[in-house]
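The values are calculated or read from the model by the stated rules, or taken from the named source; none is laboratory data. The shown structure was predicted, so the numbers you read here are calculated from the model rather than taken from an experiment. Positions of Cβ are backbone-derived with ideal geometry, glycine not excepted, and every protein chain shown enters the neighbour counts.
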Protein chains: 2
Amino acid sequence: MKRAKHRSDCPTNFTLEILGDSWSLLIIRDLAFKGKSYYGDFLDSDEKISTNILANRLNMLEVERIIKKTQDPNKKSKIIYRLTNKGLDLLPTLIEATLWGAKYYPKHNAPKKFIIRARDNRVEFIKEIRTKLKGKI
Amino acid sequence: MKRAKHRSDCPTNFTLEILGDSWSLLIIRDLAFKGKSYYGDFLDSDEKISTNILANRLNMLEVERIIKKTQDPNKKSKIIYRLTNKGLDLLPTLIEATLWGAKYYPKHNAPKKFIIRARDNRVEFIKEIRTKLKGKI
DNA sequence: CTGTATCCTTAGGGATACTG
DNA sequence: CAGTATCCCTAAGGATACAG
């Protein structure tokens, strides 16, 4: 929630200070790849994040302007989470991390088509996801 | 040091279970970008990792076969750390994370040339680093 | 449904001293 | 130089109950 001073001025370090934990990027994965938008959706993911951690990470990501909250136009009580442009700029990092995981964890359950397309058609793949999600913004 | 069971079979999650902390990728950065090879070199980095954490992470990365230890041929007492092929496969992830950091942290101290080349000539850039480091393996 | 709040346990990590 | 070991504190995080 608070991060007073940077450990260094290295850009790699900067990214790690924001995303260097084992939960933040999973939320971004849910938003980017799984089409999730609601608090309950994130809670339901396979990794079973607990509610206090989820709330904490959503706050941090919002403070960093990686995600933003909006009201569901239909149901006023529902809150929608979306990636900002800054968040969408994490797609390449997210994809590379996923491809590395897929390569060295053969038992993974991601669709083969997804992996192959991300790997062999990277630029178009990213563009496609961007425009799909941008439509919602 | 021990990681009994995976939280899920998602490849993104797999990567995060190994590298989802704020130190591991910095060591890989030192190996990949800064030409560092020795324990003391890692200790000296700007982020000031403490010695117990460094030793812990080096062990984890070795267990995961992302790095490997060898003896310095000249000085028998010296130990050299190198990236394995699996570790070199993290270059894309590392670079994308760094580019994102560079974009949103304008005060970063990475050489402009480095960032521009990584961004605009990504494939060749990765190939270049690979062959340079492979020469040492 | 979207969180907060609390309790409690473990893991992360800084500082520092020490060893072959 | 390349670690180990210890001390000690804080942050992370699981479980669960509760609230608007």
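Taken as a whole, the condition of being among the acidic types (Asp, Glu), more than 30 Å from B:Pro111 (Cβ to Cβ) and modelled with pLDDT under 95 does not apply to A:Asp46.
Just checking, does the stretch B:72-89 include any residue being β-branched (Val, Ile, Thr), within 12 Å of DNA strand C (Cβ to nearest atom) and surrounded by fewer than 21 Cβ atoms within 10 Å (Cβ to Cβ)? I'd like the intermediate steps shown before the answer.
Start the filter on the stretch B:72-89 by keeping residues that are β-branched (Val, Ile, Thr), which leaves B:79-80, B:84.
Those still in the list that are within 12 Å of DNA strand C (Cβ to nearest atom) too: B:79.
Pick out the ones that are also surrounded by fewer than 21 Cβ atoms within 10 Å (Cβ to Cβ) and you get B:79.
Yes, there is a match, as at least one residue in the stretch B:72-89 is β-branched (Val, Ile, Thr), within 12 Å of DNA strand C (Cβ to nearest atom) and surrounded by fewer than 21 Cβ atoms within 10 Å (Cβ to Cβ).
Entry remark, the stretch B:61-115: residues being more than 10 Å from every other protein chain (Cβ to nearest Cβ), away from DNA strand D (no atom under 16 Å from the Cβ) and of a type in the set (D, E, K, R) number 2 in total.
What do you reckon, is B:Asn13 at negative phi and away from every other protein chain (no Cβ under 14 Å)? No; evaluated as a whole, the condition is false for this residue.
Confirm whether B:Ile27 is more than 13 Å from DNA strand D (Cβ to nearest atom), under 12 Å from the mean Cα position of the chain (by Cα), among the β-branched types (Val, Ile, Thr) and closer than 19 Å to A:Cys10 by Cβ.
Numbers: more than 13 Å from DNA strand D (Cβ to nearest atom): no; under 12 Å from the mean Cα position of the chain (by Cα): yes; among the β-branched types (Val, Ile, Thr): yes; closer than 19 Å to A:Cys10 by Cβ: yes.
Judged against the criteria, B:Ile27 is not a match.
If you go through the stretch B:22-35 and keep only what is in contact (Cβ under 8 Å) with a residue 24 or more places away in the chain and away from DNA strand C (no atom under 13 Å from the Cβ), you end up with B:Ile28, B:Arg29, B:Leu31, B:Ala32, B:Phe33. Within the stretch B:46-56, at least one residue is under 14 Å from the mean Cα position of the chain (by Cα), of a type in the set (A, V, I, L, M, F, W, C) and over 18 Å from A:Asp9 (Cβ atoms). Of the residues making up the stretch A:43-62, those that are among the β-branched types (Val, Ile, Thr) and surrounded by fewer than 18 Cβ atoms within 10 Å (Cβ to Cβ) are A:Thr51, A:Ile53.
Kindly indicate which of B:Leu19, B:Leu43 is within 13 Å of another protein chain (Cβ to nearest Cβ) and either without any contact (Cβ under 8 Å) to a residue 24 or more places away in the chain or under 30 Å from A:Ser45 (Cβ atoms) (or both). Outline the logic, then answer.
Numbers: B:Leu43 fails: within 13 Å of another protein chain (Cβ to nearest Cβ).
Answer to the selection: B:Leu19.
Take B:Lys112 and decide whether it is farther than 20 Å from A:Glu96 by Cβ and either modelled with pLDDT of 95 or more or of a type in the set (Asp, Glu) (or both). Judged against the criteria, B:Lys112 is a match. For the stretch A:46-71, the set of residues classified as aliphatic (A, V, I, L, M) and in contact (Cβ under 8 Å) with a residue 24 or more places away in the chain consists of A:Ile49, A:Ile53, A:Leu54, A:Leu58, A:Met60, A:Leu61, A:Val63, A:Ile66, A:Ile67, listed by residue number.
May I ask you to verify whether B:Ile115 is assigned to a helix (DSSP H, G or I) and buried (at least 21 other Cβ atoms within 10 Å of the Cβ)?
Details: assigned to a helix (DSSP H, G or I): yes; buried (at least 21 other Cβ atoms within 10 Å of the Cβ): no.
No; evaluated as a whole, the condition is false for this residue.
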